[in-house]
Amino acid sequence: MNDPIRSLSRGLILLLALVSALGPIAMQILLPAIPIIKDSFAVSTGVAQLTLSLSMAAIAVATLVYGPLSDRYGRKPVLMCGITLTIIGSIACVMAPSIALLIAGRILQAAGGAVGLVVARAIVRDVYDARESASVIATLVMVMVVMPMLSPAIGGELMVRFDWHAVFWLVAALALLMLVLLARHLPETLHTVVPFSGVKDLLRTYATLLRDPIFRGYGLCVAFVSMVFFSFISAAPEIMVSVLKRPATEYGYYFISVPLGFMAGNYLTRHFGQRIGLHRMIDYGSRIAIAGIVLAMGLHAAGLQHPAALFFPVALAIFGNGITLPNAQAGAINAAPRLAGSASGLTGFMQMGFSALAAQAVALIFNGTVYPMLSLMLAGSTLSLLSFRLLVPKGHE
């Protein structure tokens, strides 16, 4: 342990998990509203889509800033400021009289929401050692992935019952509730302040991390694993309709298997990660992911053009990701304990950046079959394992 605070309560861990999911929730809950926003402001689909794409970019950039700030000024004040920005951005979206101001509000909302992605993991690293932090981060990652998956359905219900403004009121209310609970219950966990004097210091810190092969190994492992997941969720709805010739309504039923697979992988990490060890868990998870994707390819090559032949093997692959991701994230922020906030921020940037590239790439290479998507997923899984095996010494914890 490197801090007098020896553990976090289950309630506080769950709260941190929800805070880490705030940015992704705010990003994805708007998806059902984009066509209506397009009509409301009489703009093109491309312009309306900027409410999503620029929010992803805002999250990626903001993660680079929060880490060093939390290393310098403390976890709690930076977390509170970020959530406050989310509230202000959400209200700005509600009040926006034009699409330009709505996009600006979304950028502010997303930039604020990104704080949880970085600071929650840094708090866990302040309190727990490498093996213990992997178990706790598994809870953070599970909530961060599963909650945004449910967000579009919630956003759709709000759209039916109210209008698109209700989506932003909900995000503002959630953020305000989190702000109040954190103010009352979250202790400051930063033990040693790291000086920060501006952009040059920020770039110097990130350069130091990137020169460390162990950090690069874990960080690239996280980034490529995330690429696998976002490649699938970006392409699967279109594949369901245009390739497998099934109604769009069936997508949600089959897709349930994917988050269940991820949650099962997280469960194994939480309960067996400390016993098995971080290195072996990443290795096992990566191999399972590769096996699941290869199985999906084999089933389709054999002529089994059925959703189950795609979703169930992919669920196996995502099960492997659920094992790999929290362990690799724990390894990345433990590579430089004194710079845990910065390491978490840089890892988050790599994760979001690679995910955004994968989401765009899978659309560009789509050829009317499942193979471009599965090939990109296989490449991500393979590169994840190679990055880890080549850069992280065997037995390193």
Listed with the fewest Cβ neighbours within 10 Å leading, Leu16, Leu101 appear as Leu101, Leu16
Most exposed to least, judged by fewest other Cβ atoms within 10 Å, His185, His165 sort to His185, His165
The alpha-carbon center of the stretch 98-112 and that of the stretch 292-370 are separated, in whole Å, by 28 Å
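Hey, got the dipole for the stretch 213-391? About the Cα centre, +1 on K and R Cβ, -1 on D and E Cβ, debye to the nearest 20?
In total the dipole reaches around 420 debye.
Calculated FRET efficiency, Leu14 and Ile256, Cβ-Cβ r, R0 25 Å, to nearest 0.05?
Details: r = 22 Å, r/R0 = 0.89.
For R0 = 25 Å, the calculated efficiency reads 0.65.
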Once both label points are put 7 Å beyond Cα along the C-beta direction, the Thr84-Val199 separation in nm becomes 2.5 nm
By the mean-Cβ-within-10 Å protection proxy, highest first, 216-226, 273-283 rank as 216-226, 273-283
Whole-percent tail of the Cα-Cα distance distribution for the stretch 136-242, cut at 17 Å, equals 77 percent
Hits in the stretch 310-351: amide N under 18 Å from the 7 Å Cα→Cβ extension of Arg246, namely 310-319
Residues Thr205, Thr324, Thr84, Thr63 in order from fewest to most other beta-carbon atoms within 10 Å are Thr84, Thr205, Thr63, Thr324
Between the residues Leu316, Val171, Phe230, the Cα farthest towards the positive end of the dipole of the chain, that dipole coming from +1 and -1 charges on the beta-carbon of Lys, Arg, Asp and Glu, is from Leu316
Note: probe point = Cα of Thr369 + 7 Å toward Cβ; backbone nitrogen < 12 Å; residues of the stretch 278-320 passing the test are 297-298, 300-303
Any lysines whose Cα falls less than 28 Å from that of Lys200, other than same-chain ones fewer than 8 residues away, would be Lys76
Here the Cα Rg-to-2.2 N^0.38 Å ratio for the chain is 0.95
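Any read-out appearing in this document is the output of simple, stated calculations on the displayed coordinates, not a laboratory observation. Everything numeric in this text was worked out from a predicted model, so none of it was measured. Cβ sites come from the backbone with ideal geometry, for glycine too, and all protein chains shown count toward neighbours.
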